[in-house]
Amino acid sequence: MSPAIGSQVNADKASDVLVRSRARAALIPDLLVEAQRVANNVFAGWHGRRRRGIGENFWQFRPYVEGENYAAIDWRKSARDDIVYVRDREWQASHTVWLWVDESPSMLFKSGEAAVSKQSRALVLALAMAELLARSGERIGWLGVTPPIVHRHAAERLAAALMVSKTQSTFPDTSLISDHSEVILISDFLGADDQEHALDPAFQAVAEKHVRGHLVQIIDPAEEVFPYSGRVEFRDPETKSQISFGSAQSIRADYQALFAAHCTELSEFAKRTGWSHTLHHTDQLASKALQSLHVDLSASPMRGVR
Amino acid sequence: MFGLPLAFASPWILLALLTLPLIWLLLRLTPPKPQDEVFPPLAILRKLAAKEETPAQSPWWLTLLRLLMAGLVILAMAGPIWNPRDAVLQKEGPVLLIIDDGWASGKIWDQVKQMASTITGEAEKSNRVVSLMLTTDPATASEKPLSSSEVNSKLEAAFNHAIRPDHQGSAAKLNELLAAIQFGEIVFLSDGVSTGDASEGFVTALGNSSIPVTIAEPELGELAILNPIENQPGKMIGTVSRAIDTSTLPLRVIAYDKDGLPIARVSSILSEGQKSVEFSFDQPVELRNQITRVEIENASTAGAVQLLDEGNRRRIVGLISGQSSDISQPLLSPLYYINRALSPFSDLRIADTSNIEEAANDLIAQNVSVIVMADIGTMPNETESKITKFVEEGGLVIRFAGPRLAANPNGPLLPVDLIEGDRFIGGALSWEEPKAIAAFEPGSPFFGLPTPNDISVSRQVLAEQNTELSSKTWARLEDGTPLVTADQLGAGWIVLFHVNSDNNWSNLPLSGSFVDMLRLTVNLSRSTNTATSGDTALRLPAMEILDGTGALTPPPAQVKPLVIEAGLWPVPTLETPPGLYGTADGFVALNLIREKEEINPLDTQELSSTLTKAQYQGGASFAFTPWLLGAATLLFLLDCIAVLWFAGMLGKFRFAGATAALVLAAGLIASQSTFAPTAFAQSKTNESVDFSAALTTRFAYVKTGSSQTDNVSAAGLLGLTRFIGSRTALEPGDPIGVDIANDELAFYPFLYWPIDLDAPVPDEETMARVDAYMKQGGSILFDTKDQINSALGSGSSTNGNAKLREILASLDIPPLEPVPSDHVLTKSFFLLDSFPGRYQGGDLWVEQTGRIEELVDRPARSGDGVSTIMITSNDFAGAWAIDNQNRSLFATIPASTGQREYAFRVGVNIVMYTITGNYKADQVHIPALLERLGQ
């Protein structure tokens, strides 16, 4: 018998939330380092808002227009010329970004083809995002763990908070989420045992609010490719329910079609709500997802917001 | 069991077969264990569940396979045995085990032994002692009963012999044993064949013992014997007899030569009611004479083998008579009676010419064994020596007297000295009666023949009386005068009949004795070892003997030499079993079966009161257990494969296997490709070169890789080629450059190897090729081309020298010397005293030749072979080099046309030397050779 293709990365009792939390907490320092490394990679291409506004950084000089505040005039510049210049600063509005990482047991899955478990990758992505956002002065909160904070080292703070928080078994309370904030939801989106909808109703509730959502779907390659063959008994890590197939390879094509449909449904949902949907496989580099997530995040803030 | 010869060692285990239905149920209910996989998107998978029918049970064939496996294991445990042994012993007390280990048990010996060991096994179980008696050697039977294990070890060592059982001795021994020990039971493992009265006596003795007797008798249906073979004029005749004639028995008789190769084969059938049948080999006499063994195929008994010795061979006899054969009066021909007497047992070649010289040549050329000369007095010296040689090499000459011989009593090739003239007895002027023949004396080959009393001799030639006469006499007349005398000459014999070969001198040629005498005489030819050579009995060591299965084997230690006393043919015994005795040059065959012998089954009717009959059980018993277990293992492997297949592993294995095979194949191809393609390409490109190189003699230079050096070498060799073409009879082809590492060198008698300082030193493999080239007769001329650099003359080492040393380091180079003044190189075409090239002054070094005979007056040193290596520093190629217009490319140093001419001459000498070898050295001996030849 060859070893099973997929496994749950921590062998502790999956139901024990505390134990799992502790295991996760033990992981976090490493993940934080990894997250910073990934964030540094991406930060090289990180720019300001490219727009005039309230901020600290110089943006441009422009001729003074009647009626403007005198205080805005840059006298030093104006003294060189006959024109009176106003120093514009770059717009630096601080957004509130909520992070959330699915912590259900299914996220602990890791197949032989993937380097890390889905949860590990999700945490890395979230922390890296936090690092990036913190560097640009955004308010960052972690749903169910910590309210939004503004701090240069917000990522570390989040990590510290995560280390002491308990694993959430359900989707946390969303009442803290204010309108016009951004929500980054990182999950495998497989939790819905409901066979009708691809998405958990909790997400639907978030979507009701006037927020911009970013769905990051973490997929283990085994879940997409279905490399099983022969007689296999499949076990759900969350519900423990089992199902066995006499010849797994025979249903491969059907499964792949269904899984693709699941992803498409998720994508459709995102499109409908004006959210973004990023698909990430755990055998790919984390920076790739981070890059794409960042692009989505820095797109026009008004787009799709109802 | 069930009428089959099948039994189980532990039948109760078979009860376990009843559990098979239970196993069936269990197996049906237990599907193969699936592989357990965690799979988060189970919800998606669940949608597919309806499509896939999950087998809750194993497939029926897998269950069947496993049931079969279980059944096989149960059967194997039960220990089924084919042909189980029945118990033989029935009573109590000591057992007397009598075994016929004679020739007739050859084929059944294994069964006999099996049964004997069964009996000892039974005896061991019931703790009974056993006495063992082997009927070929009853004297060795133990007086005391032995434990069965002792008997068993004796039985292990016992084998049957190729002789008849000694039933007479056995009967005596039996009575002795019966008197000594109170046996509970007697078991007689008989071979079923009667040896006549002795066997009957033995059976009677058994019957008289009033002890229960069990006799095992084999089936005799296939037992057949081969009676002695007779080599008749046209064919070889033999008879096959058998013991029981109730069935039809087809058999084949095969004749083998002395190397054991079959020569002839004949099939015959003994139909019902027929006890014997005659067969014959119709092969030509030359083939028949090679037969040394005739046997019934697959009979495996000594009785089915007849060994043939020289006595069975038909000799080719050549006849020469002094007078030309007169066809019109055949009865008067001196050869007529000899012809008639010899033809039954030999093949005759009659010389068809009266020229004795031609006749003798003719007959000897026909490979005759015997030459019969009727009434020949003298013969030419040459013929005499030829015939003498023939005799000395083992031929036999039989001479008959006659008027011519009587007139030349001192002629050659006579066993005794003769008195001139013949003795006429019983004529009109004589008182004496014609004489009869005296009884043959011991020591004569004729001893044993009945004394012929109907023969009268009226004329004879007489022998000089001397001391040797009586020992040379084989037959004499009543008055003691010799009738037949013989003498050994070399390996052959000369036999003289003192009468002539027709009925003028005696009526011997008309008698039957004449035939016998001639036959015995002819038998002497080429078998001189076996001829009785004196009064003492002949002792012949065993050469090969027949073993119990009728095969010829080297004699074991206990076999004694065969003693043949004149006229008394020995009988096979334990110490002298049937076989071949003597040496490979001359041997006699001792056969078991005598003339017209019959075999009969042993009659045990008398014993019916106390007798139990047993059967030898054909075939060995056969235990099925290992085979059943093996089959079960095989099924288990199949089951493993099936389980793997169910678990979906097989595909992976196949994939892995295919990958491994691919990798392996790729590796192989890669490893092949490292040299194969280059070799291939090389053979392609070089083939035409090799062809042309093989067809014309051409010079070759070694490509150094420096184009300048190579061009000079090519131009130099071209110049030399043209020079040689114009000055000598040798017209070489255009020179060629060879790649020393890859090209075939064998085609070039001579390699020019300029030393290029920049060229890399050839690797070991290349130097091995060079070494092989040199050892196969090639010569290499190394040219360091740097004489000019050794400014201070010879002695100082130059860079070129160092390079050369480096190159030659791995070569097997003999000691070298500068060409001595008497070396062949100085005179192989031109006469030279120095070897200049473009430079002069450098020495030409060659292999040192032997300095043993340093004679001042010899113009050339002898010495075989060609120096495989020549080393110069004079830059020959530079001197030889020419361009297309035949202009020299380089000036010689110092500049002189004479030096160039000499350089060319050196080249010619070197080429001639490498091509013709020491031929020129031998040329100097021509005057001496001519003188010795007297011309």
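The values are calculated or read from the model by the stated rules, or taken from the named source; none is laboratory data. Nothing here was measured: the structure is a model prediction, and the numbers come from that model. With ideal geometry, Cβ positions are generated from the backbone for all residues, glycine too; neighbour counts draw on all protein chains shown.
Summary table
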| read-out | value |
| --- | --- |
| Residue list for the stretch B:334-358, filter: touching a Gly at 6+ places or on another chain (Cβ under 8 Å) and of a type in the set (G, A, S) | B:A351, B:S354 |
| Residue in the stretch B:799-818 that is of a type in the set (S, T, Y), farther than 16 Å from B:N874 by Cβ, in the same structural domain as B:G917 (by TED's automatic domain parsing) and touching a residue at least 60 places away in the same chain (Cβ under 8 Å) present | no |
| B:K51 vs. criteria at pLDDT below 70 and surrounded by fewer than 16 Cβ atoms within 10 Å (Cβ to Cβ) | yes |
| Residue that is surrounded by the fewest Cβ atoms within 10 Å (Cβ to Cβ) [pool: residues in the stretch B:740-783 that are among the hydroxyl-bearing types (S, T, Y), in contact with a strand residue (DSSP E or B) (Cβ under 9 Å, 6 or more places away or on another chain) and without any contact (Cβ under 8 Å) to a residue 60 or more places away in the chain] | B:Y773 |
| Residue satisfying all of: in the stretch A:258-306; part of a loop (DSSP other than H, G, I, E, B) and under 22 Å from A:E224 (Cα atoms); modelled with the lowest pLDDT among these | A:L285 |
| Count of the stretch A:248-278 residues which are farther than 25 Å from A:V97 by Cα and without any contact (Cβ under 8 Å) to a residue 60 or more places away in the chain | 15 |
| Residue within the stretch B:397-410 that is buried (at least 23 other Cβ atoms within 10 Å of the Cβ), in contact with a Phe, Trp or Tyr (Cβ under 9 Å, 6 or more places away or on another chain) and among the β-branched types (V, I, T) present | yes |
| Inter-residue pairs, beta-carbon under 9 Å, first farther than 16 Å from B:L611 by Cα and in the stretch B:173-201, second among the charged types (D, E, K, R) and assigned to a strand (DSSP E or B), 6+ apart | B:D191/B:E217 |
| Complete set of residues in the stretch B:564-590 that are β-branched (V, I, T) and modelled with pLDDT of 80 or more | B:V571, B:T573, B:T576 |
| Single residue of A:P227, A:P172, A:P147, A:P237 found to be within 12 Å of another protein chain (Cβ to nearest Cβ) and either assigned to a helix (DSSP H, G or I) or closer than 30 Å to A:R272 by Cβ (or both) | A:P237 |
| Residues that are more than 7 Å from chain B (Cβ to nearest Cβ) and not in a helix (DSSP H, G or I), drawn from the stretch A:242-257 | A:Q242, A:S247 |
| Candidate set from the stretch B:799-839 (those that are among the charged types (D, E, K, R) and surrounded by fewer than 14 Cβ atoms within 10 Å (Cβ to Cβ)); member that is farthest from B:R727 (Cα to Cα) | B:E806 |
| Lone unmet requirement of (1) surrounded by fewer than 23 Cβ atoms within 10 Å (Cβ to Cβ); (2) over 14 Å from the mean Cα position of the chain (by Cα) for A:E223 | (1) |
| Residue in the stretch A:83-102 that is assigned to a loop (DSSP other than H, G, I, E, B), of a type in the set (A, V, I, L, M, F, W, C) and at pLDDT 85 or above present | yes |
| Subset of the stretch B:240-250 [surrounded by 19 or more Cβ atoms within 10 Å (Cβ to Cβ) and either of a type in the set (S, T, N, Q) or in contact with a helix residue (DSSP H, G or I) (Cβ under 9 Å, 6 or more places away or on another chain) (or both)] | B:V240, B:S241, B:A243 |
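Residue-wise test of (1) surrounded by fewer than 24 Cβ atoms within 10 Å (Cβ to Cβ); (2) without any contact (Cβ under 8 Å) to a residue 24 or more places away in the chain; (3) not polar (S, T, N, Q).
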position	(1), (2), (3)
A:D82	yes, yes, yes
A:Y85	yes, no, yes
A:V97	no, no, yes
A:M107	no, no, yes
A:R135	yes, no, yes
A:I149	yes, yes, yes
A:H153	yes, yes, yes
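Condition check ((1) at pLDDT 80 or above; (2) under 50 Å from the mean Cα position of the chain (by Cα); (3) in a helix (DSSP H, G or I); (4) within 14 Å of chain A (Cβ to nearest Cβ)) across all residues:
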{"site": "B:E37", "(1), (2), (3), (4)": "yes, no, no, yes"}
{"site": "B:A43", "(1), (2), (3), (4)": "no, no, yes, yes"}
{"site": "B:S58", "(1), (2), (3), (4)": "no, no, no, yes"}
{"site": "B:L72", "(1), (2), (3), (4)": "yes, yes, yes, no"}
{"site": "B:G93", "(1), (2), (3), (4)": "yes, no, no, no"}
{"site": "B:D101", "(1), (2), (3), (4)": "yes, yes, no, no"}
{"site": "B:Q111", "(1), (2), (3), (4)": "yes, yes, yes, no"}
{"site": "B:T118", "(1), (2), (3), (4)": "yes, yes, yes, no"}
{"site": "B:A139", "(1), (2), (3), (4)": "yes, yes, yes, no"}
